[in-house]
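Each reported figure results from applying straightforward, stated rules to the coordinates on display, with no laboratory input. Only a predicted model underlies this, so the values are computations on that prediction, with no experimental measurement involved. Here the Cβ positions follow ideal geometry from the backbone for every residue, glycine too, while neighbour counts run over all protein chains shown.
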Amino acid sequence: MRVIADSKIPYMKGVIENLADEVVYAEGKDFSPSLVKDADALIIRTRTYCDRSLLEGSRVKFIATATIGFDHIDTEYCRQAGIVWCNAPGCNAGSVAQYVCSSLLLLERDKHLSLQNSSLGVVGVGHVGSKVVEVGRRLGMKVLQCDPPRAAKGEQGFLPLEVLKEACDVLTFHTPLTRTGACPTFHLADEAFFASLKKSPYLINTSRGEVVDNLALHEALRRGIVRDAIVDVWENEPDINRELLKQVMIGTPHIAGYSADGKANATRMALDAFCRFFHLEADYRIMPPPPSQPVLRVRNEAEAQLISYNPYTDSRALKAHPEQFEYLRGHYPLRRELGAYTLIMG
């Protein structure tokens with residue numbers, strides 16, 4: 001069995017070699033028809049687009065992407081070609097929730113937004129959005145939820161986007177990227193969206209860059225229609241809009257889900273699916289390393305949250321060197337979620 005794996009997927013080297021006869025590592029952008037032609041399986045991330053041009057004529061039977069999103073997989077072509085694929089839903093939900101929680105605390109600290117007197121609008125309430133709902137409630141915010149697909153199934157508790165646009169002080173996006181169907185999300189936040197806002201909210205996007213029209217956001221920020229923005233995902237990555245990067249309060253290189261905990265979850269889910277497909281025993285243990293300072297002496301949990309992760313660090317790095325977008329992603333330092341720490345309050 002021959003497997004081609006993205007060399008940037010963490011905690012996999014030394015594990016998958018015990019499951020396959022041959023493992024070849026390559027950077028995601030370097031997957032080519034000649035490289036995958038004789039492969040039985042691919043294990044990828046978002047930088048590898050799996051479509052007819054890559055896969056036709058190969059013997060690939062299985063693709064695992066160690067990511068929540070799967071818009072980089074041509075699912076219709078895979079169906080026609082008999083190629084089974086899987087993603088890792090919810091793998092980095094805790095990591096994105098950590099990013100949003102720290103961002104909200106920074107809005108309170110640096111922009112003087114009273115969280116307990118503010119409304120948080122969560123657009124897209126799947127694995128990640130549900131965690132963000134919990135974060136907002138834990139911080140004392142009034143949380144409004146919008147998820148049209150879930151509402152269409154008869155689930156309760158969801159409001160139309162129009163209501164969130166009227167009522168919310170912070171809007172945060174957690175939808176997949178879809179271009180067709182009943183609820184397409186491509187440019188969900190476009191020029192018309194911003195023009196219809198009733199408040200001047202803060203905007204957070206950690207979903208997919210194309211969910212928010214970056215040019216429209218740039219103009220909305222310039223005109224004060226949006227008070228400020230926290231952007232982790234961008235259109236045209238890695239060639240992002242540098243003027244927008246200068247404008248936003250926090251701009252990071254698509255790393256909201258990059259905690260070591262989230263990465264370990266994604267790798268584990270990809271390998272578990274690989275083992276199920278090929279009827280192999282999943283005999284391995286994937287654990288991220290401990291934080292350098294596992295014990296935190298803090299006054300409160302908010303202080304601990306910002307010690308465990310402060311997105312300003314990643315924002316400063318990207319704003320200083322936007323041309324290093326891919327490098328900053330590929331060489332991301334160890335980041336653990338708050339549960340990896342022992343807190344001593346006082």
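Summary of values
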| item | result |
| --- | --- |
| Within a Gaussian network of the chain (alpha carbon springs, distance under 10 Å), most fluctuating of CYS183, CYS50, CYS168 | CYS183 |
| Rounded D (µm²/s) - the stretch 295-345, Kirkwood Rh over Cα pairs, Stokes-Einstein at 4 °C, 1.567 mPa s | 105 µm²/s |
| Whole-angstrom gap from the stretch 192-218 to the stretch 86-148, using each part's C-alpha centre | 16 Å |
| Förster radius 25 Å - calculated FRET efficiency between ASP283 and TYR327 (Cβ-Cβ, nearest 0.05) | 0.10 |
| Above-threshold pairs, the threshold being 21 Å between Cα atoms, out of LYS111/LYS199; LYS142/LYS165; LYS111/LYS246; LYS111/LYS263; LYS142/LYS198 | LYS111/LYS263 |
| Those lysines that a straight Cα-Cα span of less than 22 Å connects to LYS153, excepting residues fewer than 8 apart in one chain | LYS131 |
| Net charge dipole size for the chain [Lys, Arg +1 and Asp, Glu -1 on Cβ; Debye, nearest 20] | 800 debye |
| Cross-link reach list, lysines versus LYS61, counting only Cα pairs under 20 Å and skipping chain neighbours closer than eight places | LYS37 |
| (i) 144; (ii) 159; (iii) 126, with the label sought being that of the calculated volume of the Cα convex hull per residue in Å³ | (i) |
